[in-house]
Amino acid sequence: MSIATALRVDAATTTRRRPVGLVRTKLDIAGVLVGVALAAVLPFAFQSASLLGFLAVMWIWIVVNIAWNVTLGYAGILSFGQLAFFGVGAYTSAILSVHLKVPPWLDTVAALVAGGLAALLVGVAVLRLRGVYVALVTLAFHELLMTMISGDTGGFTGGPNGLGPVRPYIATYNLLLQSAFGYWIGLAAVLLVAIAGILLVRSPVGLALVAARDAENVARARGVRVTRYRLVAFVFSGSVAGFGGALYGHYNGVVSPDIFNFGIVMTLLAMIIVGGWGTVWGPIVGTIAITVVVYYVQGIWAGYENAVAGVIMVVAILFLRGGLIGAAEGVTARGIRKRLWREPADAQR
């Protein structure tokens, strides 16, 4: 066990719990606020409904990936159920909107709760398993949910044709304005979820998750309740995914089994890996990078977007282990070290 891992375990099990990395937490939150403020003015610069709509969906994927990174990157849980929880939230919101005429903001809360409950039920069943077994069970849950919805012929979920129309949060007949509203709502969701994610991973819960990920037996021996903390991460991830599903349904207007496409799962995974999993900024940077690539690939090789994302993921795994964030941190660290080594020599001149 490395010294860094030992320190994380000690910090996670200490009796007197203090704020972890308070300065870094504040800097990260400030960075999110600045980034969101800059992004908020883009609709005034790009008067394109299709581009704004594309970016609105990108914000939703960032929301989903921030949550998935908590379980995958920080907790080390190899779960493929994220898109299933996304679907639970999307269909909960759509069913309440279409069949019961529930207001959009209220059914969004219901979707968040439904995603969390689904994650709780699945988590209780699978989190005592390890490694590939968790991946297989969550993948089976994903496939089961997709099969049940696709095979619904009664019309409750819309079956293979989908369920709609799902009312937007803010209705308008102006397509450009509608896309702009979707953009801003998605961006606001990124702000909320990013701050919540930062506070979670920098809290004692986040320390415990990383300690259990790096040295589970040692963490358990030091009194860390590994299963409980992992369940907290799993429920957080499922709740946010359900929230993202509601955002998607209300923006897209229709919810169909297409959202369970495994190609989307692989693309989302590529976004996290390329950005750098287990980092605060990795899911954000990776999602933006892959989305830009997909946007241009659609105009050249339509239909091959997921394949291109998969190739990029393989390249990142082979040559960019820490993702873009890891590479940037490595360059910065080397620069600092070189500067520290040069300063004594410069002082002697």
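No value in this document is a laboratory result; all are computed from the given coordinates. Quick caveat, the model's predicted, so the values are computed rather than measured. Here the Cβ is made from the backbone with ideal geometry for all residues, glycine too, and neighbour counts use every protein chain on show.
Modelled spin-label separation between D152 and V254, with each label point placed 7 Å from Cα along the Cα-to-Cβ direction: 1.6 nm. By the count of other C-beta atoms within 10 Å, a proxy for reagent exposure, E305, E329 are ordered fewest to most as E329, E305. Potential lengthening of the chain between L78 and L192 amounts to 38.5 nm, from the contour at 0.36 nm per residue minus the alpha-carbon distance. With the cut-off at 1.5 for a/c, could you classify region 110-262 from its C-alpha gyration tensor as rounded, prolate or oblate? The shape class here is oblate.
With neighbours defined as other Cβ atoms within 10 Å of a residue's Cβ, the residues I66, I325, I264 order from fewest to most as I264, I325, I66. Between the amide H of L163 and those of V255, S256, distances stay under 5 Å, these residues lying 5 or more places away or on another chain, with hydrogens modeled in the peptide plane.
Couplings 3J(HN,Hα) for region 32-46, derived from phi with the Karplus relation 6.51 cos²θ - 1.76 cosθ + 1.60 (θ = phi - 60°), are 5, 4, 5, x, 5, 4, 5, 5, 5, 8, 4, x, 6, 8, 10 Hz, where x marks Gly and Pro. Computed from phi, the 3J(HN,Hα) profile of region 319-330 under the Karplus parametrisation 6.51, -1.76, 1.60 (θ = phi - 60°) reads 10, 9, 4, x, x, 5, 5, x, 5, 5, 5, x Hz, with x in place of Gly and Pro.
Taking Cα atoms only, the orientation of helix 282-300 departs from the longest principal axis of the chain by about 50 degrees. Helix 262-275 and the long axis of the chain differ in direction by around 30°, with both axes built from C-alpha atoms. Gain on full extension, evaluated as 0.36 nm per residue between A125 and R24 minus their Cα-Cα distance, stands at 32.8 nm. Looking at the square roots a ≥ b ≥ c of the eigenvalues of the Cα gyration tensor of region 3-260, which shape do they give, rounded for a/c under 1.5, prolate if a/b is larger than b/c, or oblate? Verdict is oblate for region 3-260. Kindly list the residues of region 24-50 that lie in the label zone of L176, defined by a backbone N under 20 Å from the point 7 Å along the Cα-to-C-beta vector. Within reach of a label on L176, which here means backbone N under 20 Å from a point 7 Å along Cα→Cβ, region 24-50 contributes 39-50. Between the residues Q298, G322, V193, the greatest Cα displacement towards the positive end of the dipole of the chain, with unit charges on the Cβ of Lys, Arg, Asp and Glu, is found for G322. Taking 0.36 nm per residue of sequence separation and removing the Cα-Cα distance, the A49/N161 pair yields an extension gain of 37.8 nm. Karplus-derived 3J(HN,Hα) values for region 155-160, using 6.51 cos²θ - 1.76 cosθ + 1.60 with θ = phi - 60°, are x, 5, 9, x, x, x Hz; glycine and proline are entered as x.
Annotation for A307 and L136: the two label points, set 7 Å from Cα along the Cα-Cβ direction, are 3.0 nm apart.
Using R0 = 51 Å, the C-beta based FRET efficiency linking F319 and K101 works out to 0.45.
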